[in-house]
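See structure below.
The values are calculated or read from the model by the stated rules, or taken from the named source; none is laboratory data. All of these numbers come straight from a predicted model, not from anything done at the bench. No Cβ is skipped: glycine too gets one built from the backbone with ideal geometry, and neighbour counts run over all protein chains shown. Accessible surface areas use protein heavy atoms only, side chains included; no ligands, DNA or RNA. Shrake-Rupley method; radii C 1.70, N 1.55, O 1.52, S 1.80 Å.
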Amino acid sequence: MAFLRNILAKQSPITNAFTNTIWHRQMSGGNPVECKVAVITGGAIGIGVACAKSLLENGARGVMLGDIREKEGKELAAELNKTYGKDKALFMKCDVTKKDEFENLFKCTYQRFPSMDIVINNAGLLQDKYWPLELAVNVNGLVQGTLFGFHYMGKHGKHEKGRGGVIVNMASIYGLQQAYACPVYNGTKGFVIRFSNAMSHEYYEKMTGVKVLTMCPGVTDTNMIDESSTYALDGFGDLGKLVSEGLANLPPQPASACGDCLIKMLCSGENGGIWVIEESECYKVRLPDRQTLRTVSIMFRLLFLKNIRNIASIFLAKRLQWPRNTLQKSSLARGRNEAQPEQPPKPHKEIFFPQLGRDGIKDKVALVTGGTDGIGLRCVRELLRTGARGVMIADTNESKGFNRVIEFSKDYGQSRIAFIQINPANYVLLKNAFISTLNFYEGLDIVINNVRFKEKNWEDQVDENIKGIVLSTQLCLEFMGRNNGGKGGILLNIVSEYEENTDSCPLHSACQDFVVRFDRSVATSHFDTTNVKVLTICRASFDTIGCDLTTILTKGTNGCVWMPCTCASDS
Ligand SMILES: NC(=O)c1ccc[n+]([C@@H]2O[C@H](COP(=O)([O-])OP(=O)(O)OC[C@H]3O[C@@H](n4cnc5c(N)ncnc54)[C@H](O)[C@@H]3O)[C@@H](O)[C@H]2O)c1
């Protein structure tokens, strides 16, 4: 079976020959790197260096390297100038989390070079232990770099020298599959892929002449990998060991392979291309939309024989151009980690699920964030209707909150409903909501996070949709986790539609991807210790997913993702 899988997973010689022919034809049609100028963030060590070298080797006019590592950056620039010629490389100290410093990198590029043609948003961290910083670099820094890229290279008149260009955003294979030992990193790379995919829509390209490509390296021999075990998420025992073991299971490649892949990507020139580079082999993948996920989910149900399912998953992975093994490791639509042929199933997990029992929601205590409106409000009503002992609404809008309490008190009694004002991205206020619920109702069984999209600036959106989710998940595990003296519980994160191409709201769709990746990682990695079941709904209305709240809470298996028009759970 393994032999067959290997043969199917590898690119056939015919495919290889075909892609190589295309590449050479495009190269001969003109070298897209020649005389071009590139800005590279995180360019002092690792993959950033490999990209800089590859560009200069292929005739680039110059590279502007930005990084917080001043010493390494300056040494590298000197070395590159020695090898490739005077004034080919320039280094500037630049922290991508500091907007002014970051913008200066772009301004100086135009001062020192005649043009700006390529922006590589490469700076990144794998440090779940310091996840707010990780989000600031991997998510906010990358969004900011992309926006600066459009602003400075776009031909839409924002900058007088703009004439179009290419942005390459650095994701990871961990943005395409589950990486349970580093859930926040997993989420940030899912975000990068979805965000870049949305920004590559022709709407933006037509207006600006800027293309957006995504690179997803596999395990690459750099500092990041060496240090990964030191920076695992706190509070989960030997997670650091699991991070390094997980990475060690994948064959490492030299950073130069990413440099080679970069040239191939630029030669291909296809806007929106998502390129995986693993074992020094570069190939393109496509993101499945939700309808495809649904079809795959249904097909998995039909293929109940284990061996048939394994073979089919490999065929499907090839047909859909998912990265190798991804479909087996991350069956998103199916809603749980179920198609890993080598690992024995763990039926005991079912026994420990904190099912709501015969009485369902009756007598349970719930905390609902964003519960004053929309689907959050509907959850509150449903919880009260089905007999919850107490429901705490946590929301930013104080007057709406009080009105809801008055409204529900009339029908369900004063003691069963309460309100507390929060800011979802503020740890102290959010923690206070958890403590107040526990003090007020002497228990906490269900937490529902209703993530909402608001027309605010993008930093607030990221804060609310990503930071808020990570914070409340952390607090759920802290207050309900069996490892922290709790009895377990259910965490339901509600995000809205999971779409393939949401060009009009790229941040929104990328945030949803973060939540899906993050939730599934947390669900798999921590359930044994916490007994907290993590569920995700990807739709802003119960009607469209065809299930009610009680069904989802009682029957949803840990890690399951609910999509429109289908119940992804197989319970
Ligand atoms: N190494 C891998 O296996 C691997 C795999 C997939 C994706 N990636 C991604 O590739 C990118 C580069 O990783 P790497 O392996 O070369 O790691 P690395 O640690 O060798 O290099 C990362 C660089 O980013 C810089 N950086 C960090 N924070 C910064 C900030 N605030 N401002 C500016 N620069 C900052 C660091 O100083 C460093 O020079 C990252 O985005 C990473 O997530 C790496």
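A few points about this structure:
- Matching residues, segment 82-101, being surrounded by fewer than 17 Cβ atoms within 10 Å (Cβ to Cβ) and more than 14 Å from the ligand (Cβ to nearest atom): 82, 83, 85, 86, 87
- The lone criterion from (1) open to solvent by 10 Å² or more (accessible area, probe 1.4 Å); (2) more than 8 Å from the ligand (Cβ to nearest atom); (3) part of a helix (DSSP H, G or I) left unmet by residue 49 is number (2).
- Only one of 184, 139 that is over 26 Å from residue 208 (Cα atoms), within 14 Å of the ligand (Cβ to nearest atom) and either open to solvent by less than 10 Å² (accessible area, probe 1.4 Å) or touching a Leu at 6+ places or on another chain (Cβ under 7 Å) (or both): 184
- Only one entry of 475, 507, 438 meets the criterion of being open to solvent by less than 10 Å² (accessible area, probe 1.4 Å) and either under 17 Å from the mean Cα position of the chain (by Cα) or modelled with pLDDT of 90 or more (or both), and that entry is 475.
- Once segment 54-77 is narrowed to residues that are crowded, with 20+ Cβ neighbours inside 10 Å, in contact (Cβ under 8 Å) with a residue 24 or more places away in the chain and part of a helix (DSSP H, G or I), the residue that is nearest to the ligand (Cβ to nearest atom) is 73.
- Annotation note: Cβ proximity below 7 Å between a residue of segment 134-159 that is farther than 28 Å from residue 224 by Cα and a residue that is within 16 Å of the ligand (Cβ to nearest atom) and open to solvent by 10 Å² or more (accessible area, probe 1.4 Å) (sequence gap 6+ or interchain) occurs for no pair.
- Single match in 246, 259, 272, 240 (criterion: small (Gly, Ala, Ser) and part of a loop (DSSP other than H, G, I, E, B)): 272
- Total residues in segment 232-286, condition of a type in the set (A, V, I, L, M, F, W, C), within 30 Å of residue 204 (Cβ to Cβ) and surrounded by fewer than 17 Cβ atoms within 10 Å (Cβ to Cβ): 0
- Check on residue 176, free of Cβ contacts under 8 Å to residues at least 40 places away in the same chain, within 11 Å of the ligand (Cβ to nearest atom) and assigned by TED's automatic domain parsing to the domain that holds residue 260: no
- Residue, least open to solvent (accessible area, probe 1.4 Å), within segment 192-231, restricted to residues that are away from the ligand (no atom under 12 Å from the Cβ) and of a type in the set (Phe, Trp, Tyr): 195
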